[in-house]
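Below is one structure, written out as structure tokens; comments come after it.
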Amino acid sequence: MSAPTAALTALREKFPGVTERASLDHPACNVPLPELRAVLRFLRDEQAYDLLADVTAIDWAEGSSPRFTVVYHLYSSTRHEYVRVTAPCAGDVEPVAPSATGLWPAANWHEREAYDMFGIRFEGHPDLRRILMWDGYPHFPLRKDFPLAGIETVLPDPEVAAETGTKVIAAPMVGGPFVASSGEMNLTEAEPQAKDQSWDEKKEKPE
């Protein structure tokens with residue numbers, strides 16, 4: 001397990017509710033949601049974690065409580081080290097977390113992606129809307145209950161519908177995990193394919 005840094009020790013002294021998380025790569029901690037914004041500010045202003053590298057989330061699956069966890073990866077350009085901060089979201093059906101856009105402008109697009117893929121609403125975000133899927137798309141593709149082959153959905157864009165030859169597709173398209181065919185071919189030039197080809201197989205079958 002990664003050893004705690006001086007910054008993480010100082011964080012736990014200032015915020016007794018913070019607990020260390022097991023981690024194989026970087027020091028990591030779990031933060032009570034009401035203290036999340038203050039913890040992120042402390043790490044930025046007093047511990048020199050000046051770069052927000054990533055914001056993502058975890059869906060622990062239906063039945064878990066809390067179901068969703070937000071994850072922040074911070075980097076210090078002077079310490080040359082990362083720290084991972086996690087916090088449980090409020091709400092298992094409609095998860096909510098505070099926005100970090102007031103601390104790092106880069107959180108804007110990261111949080112929009114987490115909203116788009118997981119349905120997490122970031123309170124205080126200046127422009128929380130989908131960034132990959134289209135407005136009005138009713139699903140969240142990275143939730144555990146979303147099928148790998150996608151869900152049949154009516155396309156809102158007539159140009160895309162014309163290109164695909166149908167107004168209904170399984171969106172997002174079939175994808176991941178991606179593999180390349182083994183054999184005598186040069187794998188660096190091989191075109192990867194998704195293991196789950198259920199959508200393609202279904203469409204290729206004669207009606």
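The values are calculated or read from the model by the stated rules, or taken from the named source; none is laboratory data. Here the structure is a predicted model, which means the values were calculated and not measured. Methodologically, a virtual Cβ is constructed for each residue, glycine included, from the backbone with ideal geometry; neighbour enumeration extends over all protein chains shown.
The figures follow:
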| quantity | calculated |
| --- | --- |
| Candidates Gly91, Gly102, Gly136 - the one that is assigned by TED's automatic domain parsing to the domain that holds Leu43, of a type outside the set (Lys, Arg) and on the phi > 0 side of the Ramachandran plot | Gly91 |
| Residues satisfying the stated conditions in the range 83-100, i.e. surrounded by 19 or more Cβ atoms within 10 Å (Cβ to Cβ), without any contact (Cβ under 8 Å) to a residue 60 or more places away in the chain and under 19 Å from Phe15 (Cβ atoms) | Val85, Ala87, Pro88, Cys89 |
| Matching residues, the range 77-109, being touching a Leu at 6+ places or on another chain (Cβ under 8 Å) and over 19 Å from Ala38 (Cα atoms) | Ser77 |
| Residue within the range 83-98 that is among the hydroxyl-bearing types (Ser, Thr, Tyr) and in a loop (DSSP other than H, G, I, E, B) present | no |
| Subset of the range 60-76 (residues that are assigned to a loop (DSSP other than H, G, I, E, B) and touching a strand residue (DSSP E or B) at 6+ places or on another chain (Cβ under 6 Å)) | Pro66 |
| Residue ID - surrounded by the fewest Cβ atoms within 10 Å (Cβ to Cβ), chosen from residues in the range 114-139 that are of a type in the set (Asp, Glu) and free of Cβ contacts under 8 Å to residues at least 24 places away in the same chain | Asp135 |
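Yes or no, residue by residue, for (1) surrounded by 15 or more Cβ atoms within 10 Å (Cβ to Cβ); (2) touching a residue at least 40 places away in the same chain (Cβ under 8 Å); (3) assigned to a helix (DSSP H, G or I):
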| site | (1), (2), (3) |
| --- | --- |
| Pro34 | no, no, yes |
| Leu40 | yes, yes, yes |
| Gln47 | yes, yes, no |
| Ile58 | yes, no, no |
